[in-house]
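The structure appears below as structure tokens.
The values are calculated or read from the model by the stated rules, or taken from the named source; none is laboratory data. This one's a predicted model, so the numbers in the text were calculated from it and none came from an experiment. Positions of Cβ are generated from backbone atoms using ideal geometry, with glycine treated the same way; all protein chains shown enter the neighbour counts.
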Amino acid sequence: MRIGLVAPPWVPVPPPRYGGTEAVVDTLARGLVRAGHDVVLVAARESTCPVPTKVPLEGAAAPMGDGSVEAGYVLDAYDALADRDVVHDHTLIGPLVAPLVAQRLRAPGRAVLTTLHLGLTPAVRRVVTAVAERVPVVAISHAQAAQVPEVAFARVIHHGLDPAAFPPGPGDGGYVLFLGRMCADKGPDRAIRLARRAPRSGCPRSGPSSPTSSGRCSGRTSTSAARWTPPSAVRCCGGRGPCSTRSVGRSRSGW
């Protein structure tokens, strides 16, 4: 099958540092090729995923989240994937423009589906509701799907991981590491509470900052963890931005 994958325009595939969606797209592309499919990826210029890649933009787009940038990107992406049997879109607004591009290219039979990677803010909910009226939408967890009962998700498919990329260690590192965006949806508060209850682990935290539902941000990015710290200690390591364990808030979902 000829499959087109559309990654968001903001971060290369695979991501050089943090980039959950981009890591998922990279794993998916490699797996589809191993399964014998003809895969073409649309992604940022710095992408190194070992499949044919088309780049609508000169580089990773900035500022991240700019709607006009994403709109132009997905229009170019669907043009570039005109010969595909199916397009799996990992952007937010791409599926909204897909029918327009199909009509212009006279390719109404091309199948399009999308996976919802974003937190369900009111704005995202409105877009997803509109998208679901046009193309199948895949949820990444049952908890995510339950937050939008008005949307008939086509399927719940958890993110796939390559086990070979995450070999288990001997367990003697002396620390607990949380790697992810510093926002309530990711549950860093749970990691902190569990680490404090453990007899011999601190919890260095890692991840780029992200607004919580109240608009606050916290956290940093890191590719490594600190050594053992007292059970009550929580540290951010590496990265950018202010770090405050008080502004993380409580988890609002089980993603």
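Here is a yes/no grid of residues against (1) of a type in the set (Gly, Ala, Ser); (2) at pLDDT below 90; (3) under 23 Å from residue 28 (Cβ atoms):
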site: 155; (1), (2), (3): no, no, yes
site: 159; (1), (2), (3): no, no, yes
site: 177; (1), (2), (3): no, yes, no
site: 183; (1), (2), (3): no, yes, no
site: 191; (1), (2), (3): yes, yes, no
Scope segment 144-161; condition in contact (Cβ under 8 Å) with a residue 40 or more places away in the chain and over 16 Å from the mean Cα position of the chain (by Cα); matching residues | 147, 154
Which is over 23 Å from residue 19 (Cα atoms) and touching a strand residue (DSSP E or B) at 6+ places or on another chain (Cβ under 6 Å), of 153, 178?
-> 153
Taking segment 15-29 as the search range and keeping residues that are closer than 23 Å to residue 139 by Cβ and without any contact (Cβ under 8 Å) to a residue 60 or more places away in the chain, which one is surrounded by the fewest Cβ atoms within 10 Å (Cβ to Cβ)?
-> 23
Out of segment 54-75, which residues are free of Cβ contacts under 8 Å to residues at least 24 places away in the same chain and surrounded by 15 or more Cβ atoms within 10 Å (Cβ to Cβ)?
-> 55, 72
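I'd like the full set of residues that are more than 18 Å from residue 112 (Cβ to Cβ) and of a type outside the set (D, E, K, R), limited to segment 25-48. Step through it out loud before you land on a result.
Quick first cut of segment 25-48, residues more than 18 Å from residue 112 (Cβ to Cβ) only: 26-27, 30-31, 33-36, 44-48.
Passing the criteria: 27, 31, 33, 35, 36, 44, 47, 48.
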